[in-house]
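Peer 1: So that we are looking at the same thing, I have put the structure below in structure tokens.
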Number of protein chains: 2
Amino acid sequence: MSKKFSLGDVETALSPRERFEEYLHSKKMRFTQERKLLVEHVFARHEHFDANSLLDDLTANVERKHRPSRPTVYRTLGELVEAGLLRKFELDGRAVFEHDYGYPPHDHLYCTKCESLIEFHSDDLLELRNRVAQEHGFRVAGHLLIIQGVCAECSQAKRRAKRKQDLL
Amino acid sequence: MSKKFSLGDVETALSPRERFEEYLHSKKMRFTQERKLLVEHVFARHEHFDANSLLDDLTANVERKHRPSRPTVYRTLGELVEAGLLRKFELDGRAVFEHDYGYPPHDHLYCTKCESLIEFHSDDLLELRNRVAQEHGFRVAGHLLIIQGVCAECSQAKRRAKRKQDLL
DNA sequence: ATCATTGCAAAAGATTTGCAAGGTC
DNA sequence: GACCTTGCAAATCTTTTGCAATGAT
């Protein structure tokens, strides 16, 4: 919360909002009301979301007058990804976002029944990834791993339902 | 090429076309000219493709009269995936397909410069995947791993370009 | 002959863009 | 005041769908 944008603060742990401000400043872009509202809204809860759910969320919680429009939401999400604050990946044909800034790297288990994303971290995976890349003279920028299947809860639910049916 | 659809042939190594015929038969669907042309065309070369490149390909190599339309291409690609002949994943917002039937499982290195996909296989990855899933009581159906970065060729090209520039 | 499949045109869903009006530095 | 942003409407891109005509068994 101290003074911003001085060189010495670069190493400091800035809030997402401050980090975004800094990024925008460096690109000679403006920290508008809309962008401010969006960063804060996006970082208020740690949760995966897509453009539509964010829009719905805004529609439900922000008065029309200050509510960013759909194009602005898309444009700002792009900037947040560019700024390194959000990570973006694709799921079922639409873009999904999650916090990146200040959040440890991880991958996902994706339940195709309830569509939930479960996070996990694996150092072994990173090693494996780097080793494979090295073997191909490939310079790694990142990766995307999604393990698809059915989560414990959905499996249980199915089993319960089946047993129930068997009893009839 | 011997008699098809008899129970004894299920274990036999069928050609993609034969496999598709069998699948269609089992679902009481018809093996039309369009479907025939598409399976054979798709399996003529081992290469990643999307609906549009396939359509372009067809436009360039098949006379209008016998050329499957866009909706038919989409519908048939869906059936080929369903039949287990093709694998589908998303890249840059559109669906990409590759051979699955008779082809060993693998993952990809994706070069963001030239957009090429390089295949690799890792048993360690499968073990890691299964272990992680088990730890979460997750029933695995499959996974998607794409390592993003810059391939050897593009790195070289860049280096050459840079050296060339440095010489000016 | 019956019923699946095709092509066309149009729809749908996600995301992007041109441009005039409005906001920020 | 200069210039970036926004919102609106419309465009784009990819994929899907309704339906009448056509084709496979």
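The values are calculated or read from the model by the stated rules, or taken from the named source; none is laboratory data. Computed from a prediction, not measured in an experiment: that's the story for all the values here. Here the Cβ positions follow ideal geometry from the backbone for every residue, glycine too, while neighbour counts run over all protein chains shown. Ligands, DNA and RNA are stripped out before the accessible areas are found, and what is left, the full protein with its side chains, is counted by its heavy atoms. Shrake-Rupley method; radii C 1.70, N 1.55, O 1.52, S 1.80 Å.
Peer 1: Answer rounded, prolate or oblate for segment A:1-103, using the Cα gyration tensor with square roots of eigenvalues a ≥ b ≥ c: rounded when a/c is under 1.5, else prolate when a/b is larger than b/c, else oblate.
Peer 2: Prolate is the answer for segment A:1-103, as a/c is 1.5 or above and a/b outweighs b/c.
Peer 1: May I ask for the accessible area buried between chains B and A, both sides summed, probe 1.4 Å, to the nearest 100 Å²?
Peer 2: Chains B and A together bury approximately 2900 Å².
Peer 1: Which of B:PRO104, B:PRO68, B:PRO16 ends up with the largest GNM mean-square fluctuation for chain B, with Cα atoms connected below 10 Å?
Peer 2: B:PRO104
Peer 1: Not counting the cut sites, what is the longest span of chain B without trypsin sites (Lys or Arg not before Pro) that DSSP labels loop and that have at most 16 other Cβ atoms within 10 Å?
Peer 2: B:46-112
Peer 1: Sequence gap at least 6, Cα distance under 8 Å: using those rules, report the relative contact order of chain B to the nearest whole percent.
Peer 2: 16 percent
Peer 1: In addition: In chain B, which Cys residues have no partner Cys with a Cβ closer than 4.7 Å?
Peer 2: Unpaired cysteines in chain B: B:CYS114, B:CYS154.
Peer 1: How big is the gap, in Å, between the Cα center of segment A:77-111 and the Cα center of segment B:30-54?
Peer 2: 34 Å
Peer 1: Taking 0.36 nm per residue of sequence separation and subtracting the Cα-Cα distance, how much length would be gained by fully extending the chain between A:PHE31 and A:THR112, in nm to one decimal?
Peer 2: Here the segment from A:PHE31 to A:THR112 would lengthen by 25.3 nm.
Peer 1: To continue, here is another question. Given the DSSP H assignment, sum -39500 (n - 2.57) over each helix run of at least 4 residues in chain A and divide by its residue total; what's the result at 222 nm in deg cm²/dmol, nearest 500?
Peer 2: Per the formula, -14000 deg cm²/dmol.
Peer 1: Can you flag which of B:LYS36/B:LYS65; A:LYS113/B:LYS27; A:LYS113/B:LYS28 are past 22 Å Cα-Cα?
Peer 2: Those over the limit are A:LYS113/B:LYS27; A:LYS113/B:LYS28.
Peer 1: When chain B is modelled as a GNM with alpha-carbon springs shorter than 10 Å, which of B:GLY137, B:GLY149, B:GLY93 fluctuates the most?
Peer 2: It is B:GLY137.
Peer 1: When DSSP beta bridges are limited to those with both residues in the protein assembly as shown, what percentage is antiparallel, rounded to the nearest 5?
Peer 2: 80 percent
Peer 1: Restricting attention to the alpha-carbon atoms of segment A:86-137, what are Rg (one decimal) and Dmax (integer), both in Å?
Peer 2: 13.4, 39
Peer 1: Can you list the residues of segment A:121-138 that have at least 50 square angstrom less accessible area with all protein chains present than in their chain by itself, probe 1.4 Å?
Peer 2: Buried by the other chains: A:LEU128, A:VAL132, A:HIS136, A:PHE138.
Peer 1: Leaving out ligands and nucleic acids, and using a 1.4 Å probe, what accessible area per residue does segment B:105-168 come to in Å²?
Peer 2: That works out to 62 Å² per residue.
Peer 1: So what's Rg/Rh here for the protein assembly as shown, counting alpha carbon atoms and using the Kirkwood radius for Rh?
Peer 2: Computed over Cα atoms, the ratio is 1.03.
Peer 1: Follow-up question, since we're still on this one. How many nm is it between the label spots at B:THR59 and A:TYR103, if each spot is 7 Å from the Cα in line with the beta carbon?
Peer 2: So the label points at B:THR59 and A:TYR103 sit 4.0 nm apart.
Peer 1: Next question. Please report, in whole Å, how far the alpha carbons of segment B:68-156 spread along each principal axis, starting with the longest.
Peer 2: Principal-axis extents of segment B:68-156 (Cα, largest first): 45, 41, 25 Å.
Peer 1: Let me ask something additional. So how many Å³ per residue does the convex hull of the Cα atoms of segment B:47-94 work out to?
Peer 2: Here the figure is 88 Å³ per residue.
Peer 1: At a probe size of 1.4 Å, how large is the accessible area of A:ILE118, to the nearest 10 Å²?
Peer 2: Approximately 50 Å² of A:ILE118 is accessible to the 1.4 Å probe.
Peer 1: Report the relative contact order of segment B:105-168, percent, no decimals, based on alpha-carbon pairs under 8 angstrom and at least 6 residues apart.
Peer 2: 40 percent
Peer 1: For the protein assembly as shown, what % of the accessible area comes from carbon and sulfur atoms, probe 1.4 Å?
Peer 2: 50 percent
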